[in-house]
Amino acid sequence: MPVSKKRRKLANASAEQATKKRLLKSPLARAEADRIVLHIRVGLQAIRSGHRDETALLNLQSAILLTEMLTAEGRGALSLDMIRDTGRRIVLLLEEGKDTEPWSVSAALCDSLTAIVNEYDRMLHQVPLQAVLAATGRLERLEEEDPQYFRCIRDNPARSAD
């Protein structure tokens, strides 16, 4: 029995919607999650090694906030107090970094950052994409409200060419 073009289009659209729903309920693609986390881990290692890297701190701050948002939804394993305290210490470090040349990052802060980056890694690999996208949307709205604390090297074409 022949199928009309209209019925075929509806079937294709329905299959496409089902695919999108399935993707949103699945975690981020492994290769993409690995790429994102690697970028954050390289920044963390630079900070641990004593390099003054504001961009790395800003990227870590974004990872901390995303981890905090997903943890507040019940998707995280870390204490919200620890995540928030670490976030505050990063903000202080960024603010003080403008006035002082060498940044001193304590071992305790490095340990907290490592725990958060590990949790961020786990979340990107296990939490449904829909939840990550929703939290990222909230993070982007926060960036629009207060861009001072959410600058990133990609926002400054002159610096990214270096």
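The values are calculated or read from the model by the stated rules, or taken from the named source; none is laboratory data. Every value quoted in this text rests on a predicted model; they were computed, and no experiment measured them. Counting neighbours? That spans all protein chains shown, and the Cβs are built from the backbone with ideal geometry, glycine included.
Specify the residue that is farthest from residue 39 (Cα to Cα); the eligible residues are those in segment 145-157 that are in a helix (DSSP H, G or I) and at pLDDT 65 or above.
At the first step, the residues of segment 145-157 found to be in a helix (DSSP H, G or I) are 145, 147-150, 153-155, 157.
Then drop every residue that is not at pLDDT 65 or above, which leaves 145, 147.
Details: 145: 25, 147: 21 Å.
Per the criteria, the residue is 145.
Assigned to a helix (DSSP H, G or I), modelled with pLDDT under 85, of a type outside the set (D, E, K, R) and under 24 Å from residue 130 (Cβ atoms): which single residue out of 11, 15, 31 fits that description?
Values: 11 fails: under 24 Å from residue 130 (Cβ atoms); 31 fails: modelled with pLDDT under 85.
Of the residues listed, the single one that is assigned to a helix (DSSP H, G or I), modelled with pLDDT under 85, of a type outside the set (D, E, K, R) and under 24 Å from residue 130 (Cβ atoms) is 15.
I'd like to check something: does segment 92-103 contain any residue that is of a type outside the set (Gly, Ala, Ser) and either within 17 Å of the chain's Cα centre (by Cα) or modelled with pLDDT of 90 or more (or both)? Reasoning before the result, please.
Going through segment 92-103, the residues of a type outside the set (Gly, Ala, Ser) turn out to be 92-96, 98-103.
Adding the requirement that they be either within 17 Å of the chain's Cα centre (by Cα) or modelled with pLDDT of 90 or more (or both) leaves none.
No, every residue in segment 92-103 fails to be of a type outside the set (Gly, Ala, Ser) and either within 17 Å of the chain's Cα centre (by Cα) or modelled with pLDDT of 90 or more (or both).
One line per residue, one yes/no per condition, for (1) in contact with a Leu (Cβ under 8 Å, 6 or more places away or on another chain); (2) at pLDDT 85 or above; (3) under 23 Å from residue 125 (Cβ atoms):
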residue	(1), (2), (3)
19	no, no, yes
36	yes, yes, yes
44	yes, yes, yes
66	yes, yes, yes
77	no, yes, yes
80	no, yes, yes
89	yes, yes, no
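Give the residue, chosen from 62, 112, 104, that is of a type outside the set (D, E, K, R) and not in a helix (DSSP H, G or I). So that I can check it myself, show each step before the final result.
Values: 62 fails: not in a helix (DSSP H, G or I); 112 fails: not in a helix (DSSP H, G or I).
When all the criteria are applied, what remains is 104.
Any chance you could count how many residues in segment 45-60 are within 17 Å of residue 111 (Cβ to Cβ) and out of contact with any Cys (no Cβ under 8 Å at 6 or more places or on another chain)? Steps first, answer last, please.
The initial filter retains those residues of segment 45-60 that are within 17 Å of residue 111 (Cβ to Cβ), namely 45-50, 56-57, 60.
Next, from what is left, pick out any that are out of contact with any Cys (no Cβ under 8 Å at 6 or more places or on another chain): 45-46, 49-50, 56-57, 60.
Here the count works out to 7.
So, residue 117, is that one hydrophobic (A, V, I, L, M, F, W, C), under 12 Å from the mean Cα position of the chain (by Cα) and modelled with pLDDT of 95 or more or not?
Numbers: hydrophobic (A, V, I, L, M, F, W, C): yes; under 12 Å from the mean Cα position of the chain (by Cα): yes; modelled with pLDDT of 95 or more: yes.
When the stated conditions are applied, residue 117 passes them.
The rows are residues; the columns are (1) touching a Ser or Thr at 6+ places or on another chain (Cβ under 7 Å); (2) modelled with pLDDT under 50; (3) within 17 Å of residue 94 (Cβ to Cβ); (4) not in a helix (DSSP H, G or I).
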| residue | (1), (2), (3), (4) |
| --- | --- |
| 125 | no, no, no, no |
| 134 | no, no, no, no |
| 143 | no, no, yes, no |
| 159 | no, yes, yes, no |
